[in-house]
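See below for the structure under consideration.
The values are calculated or read from the model by the stated rules, or taken from the named source; none is laboratory data. Please read all numbers here as calculations on a predicted model, not as lab measurements. Cβ: placed from backbone, ideal geometry, glycine included. Neighbour counts: every protein chain shown.
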Amino acid sequence: MTWSEMQPLLSQACSETFDMVFWSTLIAVAAGLPLGLLLVLTDRGGLLQNIVANKVIGQIVNVGRSLPFIILMVALMSFTRWVTGTTIGTAAAVVPLAIGGIPFFARLVETSVREVDHGLVEAVQAMGGNTWTIVRKVLVPESLPSLIAGTTTTVIALIGYSAMAGTVGGGGLGDLAVRYGYQRFETELMWITVAVLAVAISLIQFAGDFAARALHSRGGRSGPAPKLRLLKAKEPDAAGVGKAA
C-alpha cells in the first residue's frame, strides 16, 4: 500500500479517534468530578458525612473500574443501542468509553481533593462558608493542578480504550490497525498507526504536565496565595476584631 493510499485512511481514523476521545472525556470529566467530590464529602469526617451513601457510591465506582473495557463494551450493547440506535460506529463507541471513564476519573478526583490542606477548609468554615463555598473556593481551586494531571491520565487511558473499541466496529486507529495492519498484513500501516498513537500520547502528556506545572507555580487560585488570604482574614486587628475577608 502506497502512502497516497494510506493518507486518507489515516486521516479518517485520526478524526474518528479524536471524536471518540473528545466526547467521552468531556462526559467522563463532567460526571466524574462531582462523583469524586461526593466520595470525599460523604466520607467519615467529611462535610456531608453519610457513610451509607459513601459506601454505595464507592461500590458503584469500584464495579465500574473492575470491569475490563472489552467486557464493559459488550455488556453495554443494549444500552448503547437504546442511546444511539446502533452498536457500531464512532457515536456508539462514545457510550462505553464515557461510562468506563467516569469511575476512573472519579477516583483520580477523590485522590486529588484529599490532598488539599484541611486547614483551609476549617478557615472557610470559621468564616461562615457553606459546603458549596468550600467546594468552589477551596477544594476545586487548590486541587486544580492535580485535577489537570488526572484529566491527562484519563485522556490517555481513553485513547487506549478507543483502540479496543475499534476492534468491534468503533472505528478509529484501532480499527485501522486491525483491519489493514493485521488482517491484510499491511505491516507498514500498522507501525505507522502505532507511531501516530505514540506521538499523540506524548503530546497530550506534555501539554498536561505543562498546564499542571504552570497552575502549581502560579500564584492566585492554585498556588500558596489562597492560604495566605485566608490566614490574613483571620488575623485580629488592633481592636481585636477580625479583618474582613
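For the reader, a short list of remarks on this structure follows.
- Selection over the range 75-87 of residues that are exposed (fewer than 14 other Cβ atoms within 10 Å of the Cβ) and either over 21 Å from residue 172 (Cβ atoms) or touching a residue at least 24 places away in the same chain (Cβ under 8 Å) (or both) gives a count of 2.
- Which listed residue is within 21 Å of the chain's Cα centre (by Cα) and more than 30 Å from residue 72 (Cβ to Cβ), from 210, 185: 210
- Residues satisfying the stated conditions in the range 49-91, i.e. of a type in the set (S, T, N, Q) and not in a helix (DSSP H, G or I): 49, 50, 86, 87
- Which listed residue, of 36, 46, is modelled with pLDDT under 90 and either assigned to a loop (DSSP other than H, G, I, E, B) or not polar (S, T, N, Q) (or both): 46
- Filter result for the condition that a residue is in contact (Cβ under 8 Å) with a residue 40 or more places away in the chain, under 26 Å from residue 96 (Cβ atoms) and of a type in the set (Gly, Ala, Ser), over 32, 58: 32
- Within the range 140-161, considering residues that are of a type in the set (A, V, I, L, M, F, W, C) and over 16 Å from residue 216 (Cβ atoms), the one surrounded by the fewest Cβ atoms within 10 Å (Cβ to Cβ): 156
- Hey, residue 123 more than 21 Å from the chain's Cα centre (by Cα) and either aliphatic (A, V, I, L, M) or closer than 16 Å to residue 32 by Cα (or both) or not: yes
- Count - residues of the range 99-146 that are acidic (Asp, Glu) and in a loop (DSSP other than H, G, I, E, B): 2
- Of all residue pairs spaced 6 or more apart or on separate chains, those with beta-carbon atoms under 8 Å, a first member in the range 190-203 that is on the phi < 0 side of the Ramachandran plot and in a helix (DSSP H, G or I) and a second member that is surrounded by 15 or more Cβ atoms within 10 Å (Cβ to Cβ) and not aliphatic (A, V, I, L, M) are 190/180; 190/181; 191/181; 193/181; 196/14.
One line per residue, one yes/no per condition, for (1) in contact (Cβ under 8 Å) with a residue 40 or more places away in the chain; (2) surrounded by fewer than 17 Cβ atoms within 10 Å (Cβ to Cβ); (3) touching a helix residue (DSSP H, G or I) at 6+ places or on another chain (Cβ under 6 Å):
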| site | (1), (2), (3) |
| --- | --- |
| 7 | no, yes, no |
| 28 | yes, no, yes |
| 41 | yes, no, no |
| 44 | no, yes, no |
| 48 | yes, yes, yes |
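- Close pairs (9 angstrom Cβ cut-off, 6 or more residues apart or separate chains): modelled with pLDDT under 90 and hydroxyl-bearing (Ser, Thr, Tyr) in the range 111-127, exposed (fewer than 13 other Cβ atoms within 10 Å of the Cβ) and assigned to a helix (DSSP H, G or I) anywhere: none
- Among the candidates 190, 164, the residue that is within 30 Å of residue 88 (Cβ to Cβ), buried (at least 16 other Cβ atoms within 10 Å of the Cβ) and at pLDDT 85 or above is uniquely 190.
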